[in-house]
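Undergrad: Could you have a look at this structure, given as structure tokens, before my questions?
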């Protein structure tokens, strides 16, 4: 193996091993009904498109988000698969897909094989104990759809526990409940880099803004 090849392998290894900025979801006792509900939420469903009902909105969203994500995920096919899956899984869990993009930016920097110092894995930095708690042994947290589904289901679970308080839910997700830094980072990334309004809604908002007052 020549010097150039060894250097390339070393760089690749360092990039894959680079720890993510994640904290750690804490393993907590779940009631039987809650465990069953979360297990049901993980039930497999093939992803072939986003959750948009309007194909024009889908195309516009994918085009815009792909443009924003291009520097972080250069391969277009990989990027579109990621965005399609993310939109489906976030929407399926009742989450804003753009919020999930902000969370992933902070958690893993969009690195599929990111591993945190405490062992959280993948795009959404899921702790492995969740497989034992609500999953099955064959679940691979580095697999795209599995990771995004776990991340969305877990965040939805924490939002429900916190009765809709997103900041507290994000704190739970990161294992830093009660501390403001992480929630602010995620919401900041969401609003700064991923906030998006579909063309149809933007047009509707413009129409309302120019409507004469009574």
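Computed from the coordinates by the stated procedures, all read-outs in this text should not be read as laboratory data. Please read these numbers as outputs of a predicted model, since none were measured by experiment. As a convention, Cβ positions derive from the backbone with ideal geometry for all residues, glycine included, and neighbour counts pool all protein chains shown.
Undergrad: How large is Rg over Rh for segment 63-170, taking Rg from the Cα atoms and Rh as the Kirkwood inverse mean of 1/r across Cα pairs?
TA: Rg/Rh for segment 63-170 comes to 0.95.
Undergrad: Which order do 50, 84 fall in if you start with the one that has the fewest other Cβ atoms within 10 Å?
TA: Ascending Cβ contact count within 10 Å gives the list 84, 50.
Undergrad: As a footprinting exposure proxy, order 71, 63 by other Cβ within 10 Å, with the fewest listed first.
TA: Exposure proxy ranking, most exposed first: 71, 63.
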